[in-house]
Amino acid sequence: MTRMKKPARYSAAGLIKRGITGESWPRAWRDHELRSSYDVVIIGAGVHGLAAAYYLAANHGITNVAVLDKGYVGGGGSGRNTAIVRSNYLTPEGVAFYDRSLDLYNTMAADLNINVMFSERGHLTLAHTDGALRTMRWRAEVNKLQGIDSSVIGPDEIKALTPSLDTSPNTRYPILGALYHPPGGTIRHDAVNWGYARAADALGVQIHQNTEVTDIIVRGGDGGDRGDGSGGGDAKGPGGRVTGVRTTRGDIATPIVLNATAGWASLIAAMAGVRLPITTHPLQAAVTEPVKVFLPTVVVSGSLHVYVSQTDRGELVFGASVDPFATYDMRGSLDFTEELAGHVLELMPGISRMRLLRQWAGLCDMTPDYSPVMGFTPVEGFLCDVGWGTYGFKAGPVSGEQMAECIATGATPKLIAPFSLDRFAAGRLVGEKGAAAVGH
Amino acid sequence: MLLVPCPHCGPRNAADLRYVGETTARPDPTAVEPEAWRGYLYLRDNPAGRLTEMWYCRSGCRRYFTLERDTVTNEFDNSPLPFPKGSRS
Ligand SMILES: Cc1cc2nc3c(=O)[nH]c(=O)nc-3n(C[C@H](O)[C@H](O)[C@H](O)COP(=O)(O)OP(=O)(O)OC[C@H]3O[C@@H](n4cnc5c(N)ncnc54)[C@H](O)[C@@H]3O)c2cc1C
Ligand SMILES: [Zn+2]
């Protein structure tokens, strides 16, 4: 991987110098006029779109690339997630894929010259029932076979790792054991997004914020497979070829469009005449006031639909499972906070006096098997990197790397072949629900 | 919170119901190719706007019914359709 050279490097010396002189840092990425054509147009400036742009430039020398976003960098799920990173998934395909992302996170601070605050603090997935414990054993064995540090531990070890958890047998949902994954942890999501944006910009990629894609121009298609006349238009759909995109700032000619719009993925795909196995649900999260650091690991409870970690500033960050109906509305609900508080207190009764500061939501592109949809589609030149659901932040680096290779070589890399769109028609699902429904 | 207008019980909190999801036309199981059947199972329009969707009133009347809702504003159409064409209810 090539390192970035151009803009002011972030360094301790630079920090001290600017601390004394008051000189400000240059902007991390620049604004541009829209060109009339690009080699590659990426829709969505979240971690997936930005990472793909960066690796196209860094690994393959393709720099005539535009990343378009209707809002701002990281305004989607990439700036709203709870930043949990891990690779203890359930299927061999999933484990191999997410583990490559952990490798990239490990060297990211140096590669992108930005402090991403990667903290491998350990990750506990609690089991409160025999069934859950069985799934943990299964996951541990799949993980070990792939060389992942992952094992099942009992209540005493859990208590030693995380004393604030109530591990006594007298609770409503006693903790019977946990899947322990020491390399799992958290990362600063904004720094990752900004790091990729800044590094891609330095290599010549253009990032266009406030630029909404309103249509995709496709020639020679069979009219789309929606059949209701609402999508597509005559030339779109399977068999067609992408020739450009329409945006709120003008039309762009391009042979390659990458859909990296997560919660909005179905809408973008419909513009090309492609239907996806995706339903958009909001996922909510909440954060407390800061207190002294007392929670050393990430704690997830699938049975109680809750997970928690503590930031370096001391706030507790909570999440749960997605809202139970499809919507593009990102409003928070009282149902969520009420249920969350009840369940968190089952695990950690000691924090009952803490106050919630904020809650928010982001849109998640849920697939039937809790695995992503990556690679080529029946429309030539239209690629997808979507279906990231509630678990896609951690996959940003590996997805960017693999999608860049896919675009540059025109062939699907081995690591992402299991996640192709045609697996649904073929009935080859990659079931990750047991490892991804609550533990994001 | 979402108030769902159950045609039998009146408005109820969405938590009282189970969301079944977007209704899609069910192909004839005796005539369909596996690929088209899987398309019916998995592919969705997932529109931002008007959606015809099915709900199950699990802690009320325990019936399935379809409603129309705008997925951007979350407003329901006032006239629930109990059993639309093409969906299995
Ligand atoms: C509350 C919450 C907690 C989460 N926790 C975790 C976690 O702990 N670990 C984890 O791995 N994952 C987590 N996730 C999931 C993760 O955030 C997402 O899967 C990931 O960020 C998706 O990244 P992305 O780059 O694909 O999409 P996004 O970051 O969502 O970016 C999509 C972009 O597309 C843009 N866009 C949409 N339509 C258009 C258009 N027409 N024209 C131009 N641009 C458009 C949007 O403005 C947006 O910026 C969480 C998600 C949420 C909401
Ligand atoms: Zn009812």
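Laid out as a table, the results:
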read-out: Residues of segment A:24-82 satisfying the condition of being among the charged types (D, E, K, R) and within 14 Å of ligand 1 (Cβ to nearest atom); value: A:D69, A:K70, A:R80
read-out: Of the criteria (1) within 24 Å of A:Y391 (Cα to Cα); (2) part of a helix (DSSP H, G or I); (3) at pLDDT 95 or above; (4) open to solvent by 10 Å² or more (accessible area, probe 1.4 Å), which one A:N59 fails; value: (1)
read-out: Residue check for A:R331: over 16 Å from A:L363 (Cα atoms) and in a loop (DSSP other than H, G, I, E, B); value: no
read-out: Selection within segment B:1-22 - open to solvent by 40 Å² or more (accessible area, probe 1.4 Å) and among the β-branched types (V, I, T); value: B:V20
read-out: Pair list, Cβ < 8 Å and 6+ apart or interchain, from segment B:66-78 residues that are within 11 Å of chain A (Cβ to nearest Cβ) to residues that are basic (K, R); value: B:R69/B:R50; B:D70/B:R50; B:T71/B:R50; B:E75/B:R69
read-out: Members of segment A:119-147 found to be assigned to a loop (DSSP other than H, G, I, E, B) and among the polar types (S, T, N, Q), listed by number; value: A:T129, A:Q146
read-out: Boolean, B:A48 is small (G, A, S), modelled with pLDDT of 95 or more and within 24 Å of A:P368 (Cα to Cα); value: yes
read-out: Matching residues, segment B:64-75, being more than 12 Å from the chain's Cα centre (by Cα) and either hydrophobic (A, V, I, L, M, F, W, C) or open to solvent by 10 Å² or more (accessible area, probe 1.4 Å) (or both); value: B:D70, B:V72, B:T73, B:N74, B:E75
read-out: Any chance A:V317 is closer than 26 Å to A:A132 by Cβ and in contact with a helix residue (DSSP H, G or I) (Cβ under 6 Å, 6 or more places away or on another chain); value: no
read-out: Residue within segment A:1-13 that is open to solvent by 10 Å² or more (accessible area, probe 1.4 Å), touching a helix residue (DSSP H, G or I) at 6+ places or on another chain (Cβ under 7 Å), of a type in the set (D, E, K, R) and not assigned by TED's automatic domain parsing to the domain that holds A:P255 present; value: yes
read-out: Residue count for segment A:197-221, restricted to those that are assigned to a loop (DSSP other than H, G, I, E, B) and among the charged types (D, E, K, R); value: 1
read-out: Which numbered condition A:V116 misses (of (1) over 30 Å from A:E346 (Cα atoms); (2) assigned to a helix (DSSP H, G or I)); value: (2)
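The values are calculated or read from the model by the stated rules, or taken from the named source; none is laboratory data. These figures come from a predicted structure and were not determined experimentally. Using ideal geometry, Cβ is built from the backbone for each residue, glycine included, and neighbour counts are taken over all protein chains shown. In case anyone asks, the SASA skips ligands and DNA or RNA and just uses the protein heavy atoms, side chains included. Shrake-Rupley method; radii C 1.70, N 1.55, O 1.52, S 1.80 Å.
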